[in-house]
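Throughout, read-outs are computed from the coordinates displayed, never taken from laboratory work. Model, not experiment: these values are computed from the prediction. With ideal geometry, Cβ positions are generated from the backbone for all residues, glycine too; neighbour counts draw on all protein chains shown.
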Amino acid sequence: MKKVQVFIVHGFMASPDDHWFSWLKLELAKRNIEADIPLLPDSGTPSAEVWQQTLSESINRLDENVFVVAHSLG
């Protein structure tokens, strides 16, 4: 069985430390599921190109074992 991986993407005016993101990462870790919360730069004045590049660098593959949880503008 392949390892499941989750990417939690924050949105506008947020960071990986906001909302429920850290809680979800901890809950997933209890179930041996790896989670990552990439920091999207300038969340107060986001740039689609910059965010897309950041996510492309963080999420190097997408398949049936990779889940993306996006919040707000994320």
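In sequence order, what are the phi-derived ³J(HN,Hα) couplings for the stretch 7-23 according to the Karplus relation 6.51 cos²θ - 1.76 cosθ + 1.60 with θ = phi - 60°, rounded to whole Hz, with x for glycine and proline?
10, 9, 10, 6, x, 4, 6, 10, 8, x, 8, 8, 6, 9, 4, 5, 4
Over the chain, what is the relative contact order in percent, taking alpha-carbon pairs closer than 8 angstrom and at least six residues apart?
Dividing the mean separation by the residue count of the chain yields 52 percent.
Hey, what's the Kirkwood Rh for the chain if you take every pair of different alpha carbons, in angstrom?
With all distinct Cα pairs of the chain included, I get 12.7 Å.
Considering only DSSP states other than H, G, I, E and B, which GluC sites (Glu not before Pro) in the stretch 21-70 qualify as loop sites with at most 13 other Cβ atoms within 10 Å?
GLU64
Which of VAL50, VAL66 has the fewest other C-beta atoms within 10 Å, and how do the rest follow up to the most?
Placing the least packed residue first, the sequence is VAL50, VAL66.
Need one number: nm distance between label points at LYS2 and LEU62, each 7 Å from Cα along Cα→Cβ, rounded to one decimal.
Computed distance between label sites LYS2 and LEU62 equals 1.4 nm.
Out of the chain, which trypsin sites (Lys or Arg not before Pro) are coil in DSSP terms and have no more than 16 other C-beta atoms within 10 Å?
LYS2, LYS3, ARG31, ARG61
Out of the chymotrypsin sites (Phe, Trp or Tyr not before Pro) in the stretch 9-40, which ones are loop residues according to DSSP with at most 15 other C-beta atoms within 10 Å?
The qualifying sites are PHE12, TRP20.
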